[in-house]
Every structure is written in structure tokens, then in C-alpha cells.
1. Expressed as a whole percentage, what fraction of the accessible surface of the chain belongs to carbon and sulfur atoms when a 1.4 Å probe is rolled over the protein heavy atoms?
2. To the nearest µm²/s, what D does Stokes-Einstein give for the chain at 37 °C and 0.692 mPa s, using the Kirkwood radius over alpha carbon pairs as Rh?
3. Percent relative contact order of the chain, based on C-alpha pairs within less than 8 angstrom and at least six residues apart?
4. In angstroms, what radius of gyration and Dmax does region 106-246 have, counting Cα atoms only?
5. Find out how many positive minus negative residues lie around Leu210, taking Lys and Arg as positive, Asp and Glu as negative, among other residues whose Cβ is under 13 Å from that of Leu210.
6. Please work out the average accessible area per residue across the chain, using the 1.4 Å probe convention, and give it in Å².
7. In whole Hz and in residue order, list the ³J(HN,Hα) couplings for region 32-46 that follow from phi through the Karplus curve 6.51 cos²θ - 1.76 cosθ + 1.60, θ = phi - 60°; x for Gly and Pro.
8. Counting each pair of different Cα atoms once, what's the Kirkwood radius of region 51-155 in Å, rounded to one decimal?
Amino acid sequence: MENKKVFIYANDTEMSKKIEATLRTKLVKSGLRVFEEYTEDTELIFCVGGDGTLLHLMHDLDFPKTPVVGINTGHLGFFQEVLPEKIDDFIFAFNQGNYTLQPYSTVKAVVETEHGTFTHTALNEIAVKGEPTYPVHLNISINESFVERFSGDGICVATPAGSTAYNYSLGGSLVDPRLNLLQVTPIAPMNSIAYRSFTSSILLPSNDKLIVLPFDATDKKLSIIFDGNIAEYSDVVSITMGLSRRKVNLVRFEDFNFWEKVKCKFL
Ligand code: NAP
């Protein structure tokens, strides 16, 4: 049987370059075949960097079906499972088949403008924001039901994976990635006798769609921020968001426990 084909994706910090070189030597020594380019028959992708590098990988490789394991050289490393000093342990466990795959949902936004329709996918979140100096007013519906006219800086629609990122800073809840849902968290919502917006998050079940319509002509200029990347649109007609069909798989050690990870990264 031919040895497994793997690919290494790394950011360009000194530390990551050093770890990448060490990793490459160890992988070859253990019998794995390291390829210079990612192809769909790759059996495992190593991602050397932080959570931000893993997000870049997802966008550069178009949310690959191949499982990804993170080697953490970043600051937080929430997605990144393996510390550099545990690389040998991971390679041994992988070659023995002693690992688990953790599927993660992604979120999709379809932006309809007067000039065309555009789609964005994200692993963490998609935020919709207006112009930085003015509150934006958005009519928000869930499926066919009108829910609220939101006023404030915008909304953040986060996957369970993204619940520990921007969503958490906005006061949203931490969500176990085994739950297949989306969390809609307001960004600086206005709540006065002039404007009424929900101030807490809303949870959407897996098949529901969130539909956002600009309230007024001045609200049609919107920014879509997907995993930290920005796309700016004018003349927006509607934005429809929901869970995407695309899932990605992160490789974890067999004893991975989401709440242990949360505790050690946040408390
Ligand atoms: P960045 O500005 O370089 O880093 C943002 C920080 O978020 C890094 O510490 C990164 O961890 C961490 N992070 C990313 N995904 C995470 C996750 N799922 N859970 C916990 N922490 C996570 O930008 P970036 O690295 O390209 O990341 C883009 C992300 O930044 C966006 O998707 C958004 O969630 C987040 N963000 C947060 C705020 C905020 O909290 N106020 C504002 C804007 C954007 P590493 O150090 O391991 O890379």
C-alpha cells in the first residue's frame, strides 16, 4: 500500500518556517509523502501558524474536504491542536489511526445588489456593517417572518467555530461545535425610545435563513466581513445568510475536549 500523501501550509513567521522545516523532516522520516502542492487526493493537511493561518488556509484552499491538523505557532491557537513539542506524538498517533475528526460547519451569505449577486463563505463568522460613522438600519427576518428593525453598528452571524472569536468579544455565547446552528449577535445595538433592537444573540436552527434588507436608501452601502476579509457593496437589495452545506474537518487527538480547550484558552 502506498504511503499517505500530505501537504504543509504555513505562515511566514520565523517560528513557523523553523517548525515547518522540522515537521517536513519528521514526516518524511515517518514514511509519509510530503507534496509541494495541494491536490484533492491529499490525505492530510498540516497547518503551521495560529488560528488566523487556519482561516487563511480555508479561504486559499476553498474549504478543503481533506482533514486539517493545526500546529500552533500563533498566539491563541483555538483551532490548532498540536504544540510544536508534540509533533512526534501526533505523527505516531496519526500513523496508528489514533485521532478523531471534528467536523465544523461554515456560514454562507448571498448578497444581492442592483449590479449582481455575490456569495461569501466563512468558518468563523460573517458580519454585516454599515458606514463606520453612522448607525445602520436593517430589517431582519427569519425565513418569512419579520423579526426586527435593527439599528446600530451591524450584526455578526457566527458558526459554533466562530463563537470563541469576534462573537465572544461582542458578548455572544460559546457554542459546542457539535451543535449545528448559527448565532446572530448584535454589534452595538441601539435601544431607546427612538430605536428598538434586540440586545442579545438569537440562535438559528440549521435550515433557517436570516434575511437582511436595508431599511432606507442610505443603508444600502454595506460591508460584508467574512473571517476578517472585507467586501464592500453599494446598492444592496438583500443579504441571505444560513449554514452552508460545506463542512471542514479538523484532526484532534483522541482525548480532545472542547470545554477543556475553552478553559485553558480563556480562564
Ligand atoms: P487577527 O486580527 O490577526 O487575530 C484575531 C485573533 O482572533 C487572533 O488572536 C486569533 O488567534 C483569534 N482567532 C481567530 N479565530 C478564532 C477562533 N475561532 N476562536 C478563538 N480565537 C480566534 O485576525 P485573524 O487571525 O485573521 O482572525 C480573523 C478573526 O479575527 C475574525 O474571524 C474574527 O473572529 C476575529 N476578530 C475579532 C475581533 C474582536 O474580538 N473584537 C474583531 C475583529 C476580528 P491566533 O492568535 O491563534 O491567530
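1. Reported share for carbon and sulfur atoms: 51 percent.
2. Result for D is 166 µm²/s.
3. This gives 20 percent for the chain.
4. Just the Cα atoms of region 106-246 yield Rg and Dmax of 13.7, 42 Å.
5. So the surrounding residues net to -2.
6. Working: 13360 Å² over 267 residues.
Dividing the accessible area of the chain by its residue count gives 50 Å².
7. Karplus-based 3J(HN,Hα) across region 32-46 equals 7, 9, 9, 9, 7, 10, 7, 10, 5, 8, 5, 9, 7, 10, 9 Hz.
8. Working: mean 1/r = 0.0576 Å⁻¹.
Taking the inverse mean of 1/r over all distinct Cα pairs, region 51-155 comes out at 17.4 Å.
The values are calculated or read from the model by the stated rules, or taken from the named source; none is laboratory data. Just so it is clear, the structure is predicted and the values come from calculations on it, not from any experiment. Note that we place each Cβ from the backbone using ideal geometry, even for glycine, and neighbour counts take in every protein chain shown. These area figures cover heavy atoms from the full protein model, side chains too; ligands, DNA and RNA do not enter into them. Shrake-Rupley method; radii C 1.70, N 1.55, O 1.52, S 1.80 Å.
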